[in-house]
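Enquirer: Would you mind keeping the following structure in view while I ask a few things?
Every number in this text was worked out from the coordinates using simple rules, so none of it is lab data. Worth saying up front: this structure is predicted, and the values here are computed from it rather than measured. For neighbour counting, all protein chains shown are included, and Cβ atoms are generated from backbone atoms with ideal geometry for every residue, glycine included.
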Amino acid sequence: MFTYNYHTHTSRCGHAGGSDEEYVQAAIKAGYQILGFSDHAPYRDFYHEGCHMRWSQLDDYVQSISSLKEKYKDQIEIKIGLESEYYPFNHEERKELAKRFDYFLLGQHFAHPSGIGASYFRQNSEEEIMEYGKTVCEGLRAGFYTYLCHPDVIMSHQPCFSKTCETVAHMIGETCALTDTPLEVNIRGILKGKHMFEEGEFYSYPNRLFWKIIAEYPVRVTIGIDAHAPEDLLKTGDIDKAMEELKDLDLHFISDPFI
Ligand SMILES: [Zn+2]
Ligand SMILES: [Zn+2]
C-alpha cells in the first residue's frame with residue numbers, strides 16, 4: 001500500500017546505524033519507489049550529542065545523498081530532507097535551512113536544541129505536554145514544514161491519556177486542518193510493543209486515543225518508518241500492526257504527502 005518512506009535517518013545523528021548506501025539498498029529490496037532521507041537537523045549555535053548531526057556535517061549529508069540519488073536513479077527516487085524541531089527563537093534559521101532541502105519535517109523531541117529541559121519521549125508534566133502542543137502548533141503555522149512526525153510522541157512514558165493530552169491532540173488536529181499539514185503515523189513506536197495505560201493497553205505511538213481525536217478533523221495522514229537502521233525499512237509487518245491498531249478510525253491516509 002505504501003510505496004514511499006520519507007522518514008529515514010543516517011549515522012550522522014549519533015543514534016542510527018548503517019551507511020547511507022545500505023539504506024538505499026534496503027529500500028529497493030523492500031520495494032519502495034521513493035526514499036526520503038530526513039536526518040535530525042543541526043543547529044548553528046547548539047549541539048546536543050547523540051541527538052542530531054553537527055552543522056558542519058550538512059554539506060557531507062547533501063553530497064552523499066545526492067550521489068546516491070544519481071547512482072540509483074533507475075531503481076528508486078531519492079529525496080533529501082531533514083527532520084527538525086521548531087523553536088520560535090530561531091525561526092529564521094529553520095526557515096532558511098528548509099529552503100535548502102526537498103522537504104522539511106517537523107519532529108519535536110526536545111524543549112530546547114541544547115537538550116536542556118524537557119525531552120518529549122520521557123515522562124512529562126502536564127505543563128510540558130501543553131508546551132509541546134503550543135510549540136508544535138506554532139511550528140505548523142510557520143509554513144515551512146512538509147508534515148508533522150509522530151505527533152503522539154508525548155505518550156511515550158505517560159501513565160494515562162490525561163485531559164491535557166486530549167486538549168493537545170485537539171489543538172494539533174485543528175492546526176493541521178487549518179494549515180493543511182499531513183500528520184505521520186510513526187512506525188517506530190510499534191517496536192516497543194503495547195503498554196498498559198490507565199485507559200487500557202495501547203501502543204505509546206501510534207497511540208489509538210490520540211488518533212481517535214485526530215480522526216475528528218479533516219486532515220491528511222501519512223506513514224513514516226523513522227528508520228534508524230537499514231533493516232528497519234524491511235519491517236513491513238510493523239506497518240500492518242499500526243494499520244490494524246487504527247483501522248476502524250476514520251483516518252484519511254494519503255498516497256504521498258507531496259500530492
Ligand atoms: Zn532519531
Ligand atoms: Zn523523530
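Enquirer: Using modelled amide H (1.01 Å from N, peptide plane; none on Pro or chain starts), what sits under 5 Å from the amide H of A229, excluding residues fewer than 5 places away?
Expert: Sorted by chain and number, the residues that satisfy this are G17.
Enquirer: Could you list L97, L233 so that the one with the fewest beta carbons within 10 Å of its beta carbon is first and the one with the most is last? Show your work: numbers first, answer last.
Expert: Details: L97 20, L233 24.
So the ranking, lowest neighbour count to highest, is L97, L233.
Enquirer: What percent antiparallel are the DSSP beta bridges of the chain, to the nearest 5?
Expert: Numbers: 5 of 28 bridges.
Looking only at bridges with both residues in the chain, the antiparallel portion is about 20 percent.
Enquirer: Can you name the helices of the chain, as whole DSSP H runs, whose Cα span along the helix axis is 27 Å or more and whose Kyte-Doolittle mean is not below -1.0?
Expert: Membrane-span-like by this criterion, though nothing is claimed about a membrane: none.
Enquirer: Any idea how far the Cα center of the range 195-251 sits from the one of the range 101-139, in Å?
Expert: 19 Å
Enquirer: Pick out, in residue order, every one of the GluC sites (Glu not before Pro) in the range 11-61 that is DSSP loop and has at most 12 other C-beta atoms within 10 Å; say none if there are none. Present the calculation step by step, with values, prior to reporting the outcome.
Expert: Values: sites: E21, E22, E49; in loops: E49.
Passing both the DSSP loop test and the Cβ count: E49.
Enquirer: In the range 186-216, whose amide N lies under 17 Å from the spot 7 Å out along Cα-to-Cβ of D248? List them in ranges.
Expert: 199-203, 207-216
Enquirer: Would you compute, from DSSP H runs of 4+ residues alone, the mean residue ellipticity of the chain at 222 nm, taking -39500 (n - 2.57) per run and dividing by the full residue count, rounded to the nearest 500? If you can, show how the numbers build up before the last one.
Expert: On the way: 7 runs with 86 residues, N = 259.
So the helix-based figure for the chain works out to -10500 deg cm²/dmol.
Enquirer: Next question, about the same structure. Which order do peptides 246-255, 110-119 fall in by mean Cβ count within 10 Å, highest first? Don't jump to the answer; show the numbers that get you there.
Expert: Details: 246-255: 13.0, 110-119: 16.2.
Ranked by mean Cβ neighbours within 10 Å, highest first: 110-119, 246-255.
Enquirer: Still on this model: Less than 12 Å Cβ to Cβ from E22, Lys/Arg counted +1 and Asp/Glu -1: what total charge do the surrounding residues give? Let's see the in-between values first.
Expert: On the way: positive: K29; negative: D20, E21, E231, D232.
Neighbour charge sum, excluding E22 itself: -3.
Enquirer: Roughly how many nanometres apart are two label points built 7 Å out from the Cα toward the Cβ at K194 and C160?
Expert: If labels sit at K194 and C160, their model points lie 2.0 nm apart.
Enquirer: Determine the gain in length on full extension of the stretch D60-Q123; use 0.36 nm per residue of separation and subtract their C-alpha separation, reporting nm with one decimal. Before the final figure, lay out each step's value.
Expert: Details: separation 63, 0.36 × 63 = 22.68 nm, distance 3.50 nm.
The span from D60 to Q123 would gain 19.2 nm if fully extended.
Enquirer: Quick one: grab the alpha carbon gyration tensor of the range 180-225, order the square roots of its eigenvalues as a ≥ b ≥ c, and give me rounded if a/c is under 1.5, else prolate or oblate depending on whether a/b is larger than b/c. Kindly include the intermediate steps, with their values, before the conclusion.
Expert: On the way: a/c = 4.71, a/b = 1.44, b/c = 3.28.
Note, shape of the range 180-225 comes out oblate.
Enquirer: Also, I was wondering about something else. Using the Karplus equation 6.51 cos²θ - 1.76 cosθ + 1.60 (θ = phi - 60°), what ³J(HN,Hα) coupling, rounded to whole Hz, does each residue of the range 144-149 give in order, writing x for Gly and Pro?
Expert: 10, 9, 6, 7, 9, 6
Enquirer: Follow-up question, since we're still on this one. List every residue whose amide H lies under 5 Å from the amide H of I223, counting only residues 5 or more places away in sequence or on a different chain, with H placed 1.01 Å from N in the peptide plane.
Expert: V185
Enquirer: Ok, one more. Determine, for E83, E126, E174, the number of other Cβ atoms within 10 Å of each Cβ, and report the residues in order from fewest to most.
Expert: Numbers: E83 27, E126 14, E174 17.
Going from sparsest to densest Cβ surroundings: E126, E174, E83.
Enquirer: Let me ask you something else. With the Cα gyration tensor of the chain in hand, convert its eigenvalues to equivalent ellipsoid semi-axes via √(5λ) and list them largest first in whole Å. Mind showing how you got there, number by number?
Expert: Working: eigenvalues 143, 94, 57 Å².
Working through the eigenvalues yields semi-axes of 27, 22, 17 Å.
Enquirer: For a footprinting-style exposure proxy, rank C13, C160, C149, C51 by other Cβ within 10 Å, fewest first. Each step should come with its number before you reach the end.
Expert: Numbers: C13 19, C160 11, C149 25, C51 16.
Neighbour counts put them in this order, fewest first: C160, C51, C13, C149.
Enquirer: Another question, then. Show which lysines lie in cross-link reach of K71 when reach means a straight Cα distance below 21 angstrom and same-chain residues fewer than eight apart are skipped.
Expert: Output for K71: K29, K79.
Enquirer: Show the residues, 5+ positions off or on another chain, whose built amide H is closer than 5 Å to the amide H of G36.
Expert: Distant-sequence amide H within range of G36: N5, Y6, H7, K79.
Enquirer: Now a separate question. About its Cα centre, what dipole magnitude does the range 4-253 give when the only charges are +1 on Lys and Arg Cβ and -1 on Asp and Glu Cβ, stated in debye to the nearest 20? Intermediate results must be reported in sequence, preceding the final value.
Expert: Values: 25 positive and 40 negative charges, 65 e Å.
So the magnitude is around 320 debye.
Enquirer: Further, regarding this structure: Across the range 32-48, in residue order, what do the Karplus-derived ³J(HN,Hα) couplings come to in whole Hz, using 6.51 cos²θ - 1.76 cosθ + 1.60 with θ = phi - 60° and x for Gly and Pro?
Expert: 6, 8, 10, 10, x, 8, 9, 5, 4, 5, x, 10, 4, 9, 9, 9, 10
Enquirer: Need one word for the range 188-259: rounded, prolate or oblate. Basis is the Cα gyration tensor (sqrt eigenvalues a ≥ b ≥ c); a/c below 1.5 gives rounded, then a/b vs b/c decides.
Expert: Numbers: a/c = 2.21, a/b = 1.04, b/c = 2.12.
Oblate.
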